[in-house]
Amino acid sequence: MTSAPPPFDPELGAALELIREMIQPGLTAEDIETVRQGPGIALLAELDLTLGGAFEVEDRTVPGPRGAPEISLLICRPTAPAPARPRPVVYHVHGGGMILGNNRVGVDVALDWARELDMVVVSVEYRLAPEHPHPAPVEDVYAGLLWTAEHAAELGADPERIVLAGASAGGGLGAALALLLRDRQGPRPLGQLLMCPMLDDRNDTPSSHQMAGLGVWDRTANETGWTALLGERRGGPDVSPYAAPARAEDLSGLPPAFLDVGSAETFRDEVVAYASRIWQAGGIAELHVWPGGFHGFDGFAPQAALSRSARAAHLDWLRRLLAE
């Protein structure tokens, strides 16, 4: 028996009512193309990614995985005079349930950090499911990271100080990338900032049942996204941890992690479990569970008090990480 869901934060609940007309929680496979054609993605092209001249912005095409198409990296470099030490990098992976979005989704958040902390932002474009199932997305993300590390000098960046960051599917792909880099002995990231990450294809936690039909990404939408990525393998015994990081048996040897999630969202329990397993493996993780937060609340309602607290926590963790 599934118990009643935790209540939404009152301020966030009011915001959720306002966006309910645009965003329904129960996305199905039949909805994917309609949502892709919606106004939200088109509006991203109008964003001022220079933040009023603070950044020089470039779209760079770089080699993709072996035998696969090239990928696009959105590169944003501060226009301020270069410091004595090369700048750290936010390597950003966008969200969208594995099925939506481009490398401009959510990059405004990374640019805010970068302006505050004098960082370079590299946001990777990856192929989307279901047209491109696993391992295409994570291999694209991996290829973009390798290019970034190898070409850091020309970006004025420090290859030893690359922080992986992403929200939702981007957080899941960031966690998968950290595993892949560890296992392939690739460049070691300085840290991984995983915001409400999408980690577990099994979609069967208490929170996934509690939040069915509620919020902005419920159990139905989650099944849609994971099935697009994995097909009939979703929920079965043969799912790679590079697709669903919650499947990883060994979480040792990973870079320090920041994870956060709302208490009133589908991903709550899988995120809490992932952080716990990092600690159990002897790793470093900081976990925040925001009371009454729905999925992606700080993006949908950035002025809410809880959103301001979450965004301050992201920046504070990054500042401490970079100071070490």
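Surrounded by fewer than 22 Cβ atoms within 10 Å (Cβ to Cβ) and basic (K, R): does that describe R219? Taking the combined requirement at face value, the residue satisfies it. Considering each residue of segment 59-70 in turn, at least one proves to be over 19 Å from M98 (Cα atoms), small (G, A, S) and surrounded by fewer than 12 Cβ atoms within 10 Å (Cβ to Cβ).
For beta carbons closer than 7 Å, sequence separation of 6+ or different chains, a first residue in segment 7-22 that is within 28 Å of R36 (Cα to Cα) and a second that is modelled with pLDDT of 85 or more and in a helix (DSSP H, G or I), the qualifying pairs are F8/L16; L12/F297; L12/L306; A15/F300; I19/F300. Of a type in the set (S, T, Y) and surrounded by 24 or more Cβ atoms within 10 Å (Cβ to Cβ): is that true of T227 in this structure? In short, no.
Of the helices (runs of 4 or more DSSP H) entirely within segment 154-233, those holding at least 1 residues that are of a type in the set (K, R) occupy 169-183, 219-230. Evaluated against (1) surrounded by fewer than 15 Cβ atoms within 10 Å (Cβ to Cβ); (2) closer than 30 Å to T220 by Cβ; (3) at pLDDT below 95, E131 falls short on exactly one condition, (3).
Scanning segment 311-324 finds no residues that are at pLDDT 95 or above, part of a strand (DSSP E or B) and among the aromatic types (F, W, Y). Under 18 Å from I23 (Cβ atoms), in contact with a Lys or Arg (Cβ under 7 Å, 6 or more places away or on another chain) and not in a helix (DSSP H, G or I): does that describe A264? Taking the combined requirement at face value, the residue does not satisfy it. Residues that are of a type in the set (K, R), farther than 18 Å from A165 by Cβ and either modelled with pLDDT of 95 or more or in contact with a Phe, Trp or Tyr (Cβ under 6 Å, 6 or more places away or on another chain) (or both) are absent from segment 26-47 altogether. Would you confirm whether any residue within segment 198-208 is farther than 19 Å from D269 by Cα and crowded, with 24+ Cβ neighbours inside 10 Å? Among the residues of segment 198-208, not one is farther than 19 Å from D269 by Cα and crowded, with 24+ Cβ neighbours inside 10 Å, which makes the answer no.
Of the residues contained in segment 161-180, none is found to be modelled with pLDDT of 95 or more and surrounded by fewer than 18 Cβ atoms within 10 Å (Cβ to Cβ).
Residues considered: A313, A243. Of these, the only one that is in contact (Cβ under 8 Å) with a residue 40 or more places away in the chain and surrounded by fewer than 18 Cβ atoms within 10 Å (Cβ to Cβ) is A313.
Of the residues making up segment 267-306, those that are in a helix (DSSP H, G or I), small (G, A, S) and more than 21 Å from V163 (Cβ to Cβ) are A273, S276, A305. Just one of (1) touching a residue at least 40 places away in the same chain (Cβ under 8 Å); (2) within 21 Å of A114 (Cβ to Cβ); (3) buried (at least 18 other Cβ atoms within 10 Å of the Cβ) fails for A149. It is (1). Residues in segment 249-261 that are assigned to a loop (DSSP other than H, G, I, E, B) and buried (at least 22 other Cβ atoms within 10 Å of the Cβ) were compared, and the one that is farthest from the chain's Cα centre (by Cα) is L251.
In segment 179-186, is there at least one residue being out of contact with any strand residue (DSSP E or B) (no Cβ under 6 Å at 6 or more places or on another chain), among the charged types (D, E, K, R) and under 26 Å from G293 (Cα atoms)? Checked against the condition, which is being out of contact with any strand residue (DSSP E or B) (no Cβ under 6 Å at 6 or more places or on another chain), among the charged types (D, E, K, R) and under 26 Å from G293 (Cα atoms), segment 179-186 yields no hits at all.
The values are calculated or read from the model by the stated rules, or taken from the named source; none is laboratory data. For clarity, every value in this text was computed on a predicted model and none was experimentally measured. Don't worry about glycine lacking a Cβ; one is built from the backbone with ideal geometry, like all the others, and counts go over all protein chains shown.
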